[in-house]
Amino acid sequence: MTVTVQTLGRVAIVTIDNPPVNAASQAVRAGLVDAVAQTEADATIDAVVLTCAGRTFVAGADVREFDLPPVAPHLPDVIAAIEAASKPWIAALHGSALGGGLELAMGCHHRIAEASARMGLPEVTLGLVPGAGGTVRLPRLVGAELALTMIAGGKPISAQEALDAGLIDAIAQGDLVQKACDLAAAGVDLRPTLVKLVIGKSDATRFDRIASDMRRKARGQVSVPAAIDALERGLTLPATEALAAERATFLSLKTSEQARALRHIFFAERAALSDPRTKATPRPIARIGVIGGGTMGAGIASLCLMRGLTVTLIERDASSLDAGSARVRSTLESSAKRGLLVDLDATFARFDAATDDSALADVDLVIEAVFEEMEVKKQVFRRLDAVTRPDAILATNTSYLDVTEIAAGLRDPSRAIGLHFFSPAHIMKLLEIVLPASVADDVVATAARLSKTLGKIGVFSGVCDGFIGNRIMSAYRTEADRLLIDGASPEQVDAAMRDYGFPMGVFEMQDLAGLDIAWAMRKRRLAQGLSGEGDIRIADRLCEQGRFGRKTDAGWYDFTDGKATPSDAVTAIIVEERQAMGVADAVFETKDVMTRILGAMVQEAEAVLAEGIASSAADIDVVMVNGYGFPRWKGGPLFTVR
Ligand code: T1G
């Protein structure tokens, strides 16, 4: 049974039990309609508590139903039945009350939550708007401005924020359901939520300013402006009219291309680590060693500390160690300032640093983040082989080197794996888990569980030059250079990519990251006999002139007071290279830019798939969306062609 009704004195307890997240499936909705009828007919019941079994309150409508025609009873009707009940309903919230789950709770007459509960309307992240009254009831409970940021931003708020705003009536100290029953037994009123709204002139002005800012930031996305429009109707129209308009918008967006793309990514992210080897028993991981306290090493160390692990940082000498430790401390301090870290002292207590490898004698896993040079990495792995426990896992953070070759020097290569973090490691969600042929099944299972522990979106990759993401990025970056030779300008390419939905274009990105870093990488790769990135030397020539990007006020663009402008010097170099390659000047259509860029991405992605480097097209979409700025609401490069 997905919905059961028990009684405690004169209080009915309605429990939803639909694992894993109590999604409001058709069975749940039908069960709730029956529960309303049953409690209304029972003269011994004065009030109702609505709760959920398992780890969370209703986490939303059942997204798996969205590709099917809606089946009655529909959630808005279930909520209306609860709201119209003659006996007060109290929602008892734990875990995440999201989307339709929060809408269901707002249809109840009162709400009480556990301190750790979170509440939100994330529909815009799925290309939708709230479809069961969220844009009408939420502003009536928390006010227009917070409703706007919650609905258009899609991010949940904490129980304390909800209490302060009036979304919930109390935070339960102790047993949640018992507290809710006590509240019910003490007598609560049938408080309506669809009350008339009055918005003051100054509030309306603030609202309009925030709304226009959110519309601008959501450029290219359909759901955010639609959600703001729905909220504006919720604030101005009679509730019934606004509810009907909201539902119509939700139903029309549900079948939209962007909603389909966002559902694809939602499920793809959760299906990514489904390799059969993850069924092996993972090794326990509590103590991590990190070799190298540079940007990546310090970021990885900070991430592991923030996620509750114990970390030993190793550097080659005292000054590098001090610098690395300082990077870790400043990352943790800034995370604490942003409320991302609760107990700074306790976190620091789990951190130590040493220059002697013997400090790694008892770690469960080591991640090396040293210089991207094969011999350097092999030497580090040889050192680790000598000092770590035989069952300790050795991971390399290399972004493109051959993990099989790095592992080959070990007495037991089966304990080696690649963990390719993206900078900044404590923020970027993507983790490429690179699997050499020698890796043991339980090491694969351990890496998959570590990815979850670290809050990452993990994707398995085979061993090749650049794995999945860097290999595809290298292909479209080469195509972007070819576009310049064929007549496009850097600003044309960047503008086209931004219009498509990338946060910035490929040349702007290089100016931000620093052309010298990629230049050094290209020279190192050539020195190691690895392939270059095509035969076009425009970027090399910019570097030879010291044009490294923003940091030198000149790169693909000239920078004046931080503002980028097209550069005549760059244009001259492009023309020279174009002529040297015998290409006549061509006028380039912006629409052709993305055709070529996407084409190069898809071609390389298909090769990555065909070679078995990625285990599915969906995995490639997850990598490109979460690590390389591919617009999420497009679903990923391969989703666009399938
Ligand atoms: N519907 C169906 N399945 C869902 C689901 C949902 N809403 N949410 C999660 N799952 C599955 C998920 O696919 C995975 O399945 C398992 O549950 C665990 O998820 C009408 C229109 C709640 C914070 O957007 O944010 O309501 O892989 O790995 O890390 O206005 O799940 O095990 O087979 O993410 O602990 C709005 C989406 C829907 C919330 C838990 N709600 N979910 O995170 O577990 S639209 C959402 C989450 C809506 C109304 C509108 C998270 C979580 P499997 P998980 P987690």
Which of the GluC sites (Glu not before Pro) across region 224-294 are loop residues per DSSP, with 16 or fewer other Cβ within 10 Å? none
If R₀ is 22 angstrom, what is the calculated FRET efficiency for the pair LYS196 and SER86, using the beta carbon separation as r and rounding to 0.05? 0.45
For region 541-636, which GluC sites (Glu not before Pro) are both in a DSSP coil and crowded by at most 13 other Cβ atoms within 10 Å? GLU589, GLU611
Listed residue (PHE381, VAL71, ALA336) projecting farthest to the positive dipole end of the chain, Cβ model: VAL71
With +1 on each Lys and Arg Cβ and -1 on each Asp and Glu Cβ, how big is the dipole of the chain about its Cα centre, in debye rounded to the nearest 20? 740 debye
Could you work out how far apart the two model spin labels at TYR500 and ARG642 are, taking each label as a point 7 Å from the Cα in the direction of the beta carbon, and quote it in nm? 1.8 nm
Quick one: if you stick a label point 7 Å off each Cα along the C-beta vector at THR595 and PHE371, how many nm between them? 4.6 nm
Would you list which lysines come within 16 Å of LYS563, measuring only between C-alpha atoms, while excluding same-chain residues fewer than 8 positions from it? LYS551
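Less than 13 Å Cβ to Cβ from VAL5, Lys/Arg counted +1 and Asp/Glu -1: what total charge do the surrounding residues give? Write down the numbers at each step before the final one.
Numbers: positive: LYS87; negative: ASP17, ASP34, GLU40, ASP42.
My count for the surroundings of VAL5 gives -3.
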Mind giving me the nanometre distance, one decimal, between the label points for ALA607 and ARG209, set 7 Å out from Cα along Cα→Cβ? 5.2 nm
Based on the inverse mean of 1/r over its pairs of different Cα atoms, what is the Kirkwood hydrodynamic radius of region 279-463, in Å? 16.1 Å
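For a quick check of your reading of the filter: which trypsin sites (Lys or Arg not before Pro) in region 361-423 sit in a DSSP loop and have no more than 16 other Cβ atoms within 10 Å? Could the numbers behind the result be given before it?
On the way: sites: LYS377, LYS378, ARG382, ARG383, ARG411, ARG415; in loops: ARG411.
Here the trypsin sites (Lys or Arg not before Pro) that fit, given the DSSP loop and packing criteria, are ARG411.
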Measuring from the lowest to the highest alpha carbon on each principal axis, how far does region 248-345 reach, largest first, in angstroms? 63, 38, 23
Sort the following peptides by mean Cβ neighbour count (other Cβ atoms within 10 Å, averaged over residues), highest first: 10-17, 347-354. 10-17, 347-354
Give or take rounding to whole Å, what are the principal axis extents of the alpha carbon atoms in region 1-81, in descending order? 42, 26, 18
Alpha carbon centre of region 153-216 versus region 567-611: separation in Å? 52 Å
Neighbourhood net charge (11 Å Cβ-Cβ; Lys/Arg +1, Asp/Glu -1) for THR193: +2
Assuming R0 = 25 Å, what is the FRET efficiency of ASP175 and ASP42, from their Cβ-Cβ distance, to the nearest 0.05? 0.55
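Quick check on the chain: of the DSSP beta bridges with both residues there, what percent are antiparallel, nearest 5%? Numbers along the way, then the final one.
Numbers: 18 of 63 bridges.
Just about 30 percent of them are antiparallel.
Here is the link list: LYS429/LYS452; LYS217/LYS634; LYS254/LYS591; LYS254/LYS634. Which ones come out longer than 19 Å on Cα distance?
Working: LYS429/LYS452 11 Å; LYS217/LYS634 16 Å; LYS254/LYS591 28 Å; LYS254/LYS634 15 Å.
Check vs 19 Å cut-off fails for LYS254/LYS591.
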Within region 394-517: Cβ-based charge dipole about Cα centre, in debye rounded to nearest 20 (Lys, Arg +1; Asp, Glu -1): 640 debye
Bounding extents of the chain in its principal axis frame from Cα atoms, largest first in Å, are 86, 62, 45
Expressed per residue, the solvent accessible area of the chain in Å² (1.4 Å probe) is about 41 Å²
Students often forget the sequence filter, so: which lysines lie under 21 Å Cα-Cα from LYS378 once same-chain residues fewer than 8 apart are removed? LYS523
log10 I(q)/I(0) for region 1-147, Debye formula on C-alpha points only (no solvent), q = 0.11, 0.12, 0.21 Å⁻¹, two decimals, reads -0.37, -0.44, -1.40
Sulfur and carbon atoms: percent of accessible area, the chain [1.4 Å]: 56 percent
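What does the charge count around VAL506 come to, taking other residues whose C-beta lies under 11 Å from its C-beta (Lys +1, Arg +1, Asp -1, Glu -1)? The partial results should precede the final answer.
Working: positive: ARG477, ARG498; negative: GLU479, ASP481, ASP494, GLU508, ASP511.
With Lys, Arg at +1 and Asp, Glu at -1, the neighbours total -3.
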Calculate the length of the line joining the C-alpha centroid of region 293-331 to that of region 348-402, in whole Å. 13 Å
I want the antiparallel fraction of DSSP beta bridges within region 3-255, as a percent rounded to 5. 30 percent
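Ranked from the most accessible area to the least, with a 1.4 Å probe and all protein chains present, what is the order of TRP519, TRP89?
Descending accessible area places them as TRP519, TRP89.
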For the charge dipole of the chain, defined by +1 on Lys and Arg C-beta atoms and -1 on Asp and Glu C-beta atoms about the Cα centroid, which residue among VAL129, TRP89, ALA326 has the Cα displaced farthest towards the positive pole? TRP89
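Please sort 631-637, 193-199 by packing, taking for each peptide the average over its residues of neighbouring beta carbons within 10 angstrom, highest first. Before the final figure, lay out the partial values.
Numbers: 631-637: 24.0, 193-199: 12.6.
The packing order, highest mean first, is 631-637, 193-199.
Given the C-alpha atoms of region 479-628, compute the convex hull and give its volume per residue in Å³. Write out the running numbers ahead of the final one.
Working: hull volume 19.5 nm³, N = 150.
That works out to 130 Å³ per residue.
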Charge dipole of the chain built from unit charges on the beta carbon (Lys, Arg +1; Asp, Glu -1), centred at mean Cα; most positive-end Cα among SER158, PHE267, ILE536 is SER158
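Quick check for me: using +1 on Lys/Arg Cβ and -1 on Asp/Glu Cβ, what's the dipole size of region 468-612 about its Cα centre, in debye to the nearest 20? Mind showing how you got there, number by number?
Details: 17 positive and 25 negative charges, 101 e Å.
It comes to approximately 480 debye.
Which helices, counted as full DSSP H runs in the chain, have an axial Cα extent of no less than 27 Å and a Kyte-Doolittle average of -1.0 or above? Intermediate results must be reported in sequence, preceding the final value.
On the way: long enough: 318-337 (28 Å, -0.34); 590-610 (31 Å, 0.55).
Taking the DSSP H segments of the chain (at least 27 Å long, mean hydropathy at least -1.0), we get 318-337, 590-610.
Considering every pair of different Cα atoms, what Kirkwood radius, in Å, is found for region 155-236? Mind showing how you got there, number by number?
Numbers: mean 1/r = 0.0620 Å⁻¹.
By the Kirkwood definition, the hydrodynamic radius is 16.1 Å.
Rounded to a whole number of µm²/s, how large is the Stokes-Einstein D of region 3-255 at 25 °C and 0.890 mPa s, given Rh as the Kirkwood radius over C-alpha pairs? Each step should come with its number before you reach the end.
Numbers: Rh = 18.0 Å.
Approximately 136 µm²/s, per Stokes-Einstein.
The values are calculated or read from the model by the stated rules, or taken from the named source; none is laboratory data. This is a predicted model, so every value here is computed, not measured. Here Cβ is always computed from backbone atoms with ideal geometry, including for glycine, and neighbour counts include all displayed protein chains. Accessible surface is based on the protein model in full, side chains and every heavy atom, while ligands, DNA and RNA are left aside. Shrake-Rupley method; radii C 1.70, N 1.55, O 1.52, S 1.80 Å.
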